[in-house]
1. Of the residues 51, 65, 92, which single one is closer than 27 Å to residue 131 by Cα, assigned to a loop (DSSP other than H, G, I, E, B), aliphatic (A, V, I, L, M) and assigned by TED's automatic domain parsing to the domain that holds residue 105?
2. Residue pairs, Cβ under 7 Å, 6 or more apart or interchain, first in the range 184-203 and more than 22 Å from residue 281 (Cβ to Cβ) and in contact (Cβ under 8 Å) with a residue 24 or more places away in the chain, second among the charged types (D, E, K, R) and not in a helix (DSSP H, G or I). List them.
3. Among the residues of the range 95-133, how many are part of a loop (DSSP other than H, G, I, E, B) and within 20 Å of residue 46 (Cα to Cα)?
4. Take the residues of the range 240-283 that are of a type in the set (S, T, N, Q) and either within 21 Å of residue 296 (Cβ to Cβ) or over 19 Å from the mean Cα position of the chain (by Cα) (or both): which is modelled with the lowest pLDDT?
5. Return only the number of the condition from (1) at pLDDT 95 or above; (2) within 21 Å of residue 256 (Cβ to Cβ); (3) of a type outside the set (S, T, N, Q) that residue 354 does not satisfy.
6. Restricting to the range 207-225, what's the tally of residues that are β-branched (Val, Ile, Thr) and either surrounded by fewer than 20 Cβ atoms within 10 Å (Cβ to Cβ) or not in a helix (DSSP H, G or I) (or both)?
7. Looking for something among the aliphatic types (A, V, I, L, M), over 44 Å from the mean Cα position of the chain (by Cα) and crowded, with 18+ Cβ neighbours inside 10 Å - is there at least one such residue anywhere in the range 474-484?
8. Take the conditions closer than 29 Å to residue 370 by Cβ, out of contact with any helix residue (DSSP H, G or I) (no Cβ under 8 Å at 6 or more places or on another chain) and at pLDDT 75 or above and apply them to residue 454. Does it pass?
Amino acid sequence: MSRRQIIQVFEEYQKTRLQFVQTVADLASRKPNVEILRDAGVMSMLRPLMLDPVPTIQQKATQALGHLVDHSDDLAEALVRDGILPQLVESLASQNRFHKKAAASVLRAVAKHSPELAQAVVACNGAGALVLCLEEFDPGVKEAAAWALGLMARHNAMLAQAVVDAGAVPLLVLSLAEPEVALKRIAASTLSDIAKHSPELAQTVVDTGAIAHLAQMILSPDAKLKRQVFSALSQISKHSVGLAELVVEAEIFPGALASLRDPDECVKKNVTVLMREVVKHTPELSQVIVNCGGLSGVVDHLGVSKGSQRLPGIMTLGYVAAHSESLAMAVIISKGVLQLALCLSEEAEQHIKAATVWSIGQIGQHTPEHARAVSTSNLLPRLLQLYMDASSSEDLRAKSKQALKSILQKCTDLQYLEPLLYDAPSNIVKHVLCQFSKVLPHDKKALRLFVSSGGLTKVQEIEAEPGSALQEYINAINNCFPEDIVRYYSPGYSEDLLERVENYQPI
């Protein structure tokens, strides 16, 4: 056999290996094929090919492995059990940029499935090796590494701290300044995943100057980038007053409000999440949002969105209103109550209804004027209905009850209170009668209307324990009328009259 024929045998072997890993990589990219490939023992076949002397075969084998692990947590666990992780981590430092990208993608696929698998990557010094990849010139390698680090950090504070300890944050912040939009997106997303867990981790992100870089991108034309930017700013803001103030001081408002009209639904939602995380802390931070027209922007957003998209905006209105009378009045002036009433009637999800009810309660709890804004929107009967509805969740019933109580304690418009006398249980009626007992002694016109509408009759029909608060309120109301009038509208009075007629002896 000639030298050429012998060499041809090796060339055919190399060609076959390359064809095999290319085919497996293509097959593994489609999830329905993964189980068949696993049953065929593909993992054991790919492992030696990851050490193949031909770089292209190494890369394709690693790429195929990444597709398989991405689709199956079982295969990710098998990869860890078979001791392949150290081999992948080592290859991040020694192979070419194409292989580095493929190896980082495998680590990402492993880490995404569970905290335990992410910890296995960290235990093999995967975080440190990925951080070194952030220093690579090739943006594709940086992107793959940042993505893997983000999926590690996402699981819990301990793993996020491991990513921080590996030195990732300064390099991620530098990646925000790179020209590649895809890299900016992943870097912002990873910073968000780090910052979300605790004030300390968020402070670490802030200390590297991340806020300034993120603030510069809030008007980016790229919707996917803006999603991640607003998410990262939200995760920083949520932890404390100080962190929220740093975000506001970066002058992201009112510029961020323009994105409430963005065509991308996720961008709009993330802006309202950011506003919610800012306003919840203090009246001063809420006032910043009010001053730049944020409330009208949120109300408009609620008018064109549905379902979970509405939730952060609903809570934003509630947090603003909770702080003070003047801020609650700003919500009312912005037509916030009317919009919340629409949300309550249109949404079916219990947790969205509960958030809406809570926000309504925060608005109406301050003064009679605030309570009137809620009452005139016909919300008191609706709150009562939700409280009494057996199909309402426990949280929705609790929030409806609390909102009713807080609004009723400020409501002095008797025409909105009286309908509740006929349907509400005694624990709610008590608060209604309390308001009647306060208003009736000072309003002659209301006394007449209370009698003609049947309200006085209804009060006499209410059963109350002697000495109870409910009985005291009934007595206070009855004392507003002559004794014979109270007796006339009491149950059984007509029978007493008839009996007196029957027993009457004419002279």
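The values are calculated or read from the model by the stated rules, or taken from the named source; none is laboratory data. Computed from a predicted structure; not experimentally measured. Every residue, glycine as well, gets a Cβ built from its backbone with ideal geometry; the counts of neighbours run over all protein chains shown.
1. On the way: 65 fails: assigned to a loop (DSSP other than H, G, I, E, B); 92 fails: assigned to a loop (DSSP other than H, G, I, E, B).
None of the others qualify; the one that does is 51.
2. So the pair list comes out as 184/178.
3. We begin by selecting, within the range 95-133, every residue part of a loop (DSSP other than H, G, I, E, B); these are 95-96, 112-114, 124-125.
Restricting the remaining residues to those that are within 20 Å of residue 46 (Cα to Cα) gives 95-96.
Qualifying residue count for the region: 2.
4. Kept after step one, since they are of a type in the set (S, T, N, Q), are these residues of the range 240-283: 240, 259, 270, 272, 282.
So of that shortlist, the ones also either within 21 Å of residue 296 (Cβ to Cβ) or over 19 Å from the mean Cα position of the chain (by Cα) (or both) come out as 259, 270, 272, 282.
Values: 259: 92, 270: 96, 272: 96, 282: 96.
Among those residues, the one meeting the criterion is 259.
5. The failed condition is (2).
6. Within the range 207-225, the first condition is being β-branched (Val, Ile, Thr), and the residues that meet it are 208, 211, 218.
Checking which are either surrounded by fewer than 20 Cβ atoms within 10 Å (Cβ to Cβ) or not in a helix (DSSP H, G or I) (or both) leaves us with 208, 218.
Count: 2.
7. If we filter the range 474-484 for residues that are among the aliphatic types (A, V, I, L, M), which is where we start, we get 474, 476-477.
Now restrict to residues that are over 44 Å from the mean Cα position of the chain (by Cα): 474, 476-477.
Remaining after also requiring crowded, with 18+ Cβ neighbours inside 10 Å: 474, 477.
Checking the range 474-484: at least one residue is among the aliphatic types (A, V, I, L, M), over 44 Å from the mean Cα position of the chain (by Cα) and crowded, with 18+ Cβ neighbours inside 10 Å.
8. Numbers: closer than 29 Å to residue 370 by Cβ: yes; out of contact with any helix residue (DSSP H, G or I) (no Cβ under 8 Å at 6 or more places or on another chain): yes; at pLDDT 75 or above: yes.
So residue 454 passes the test.
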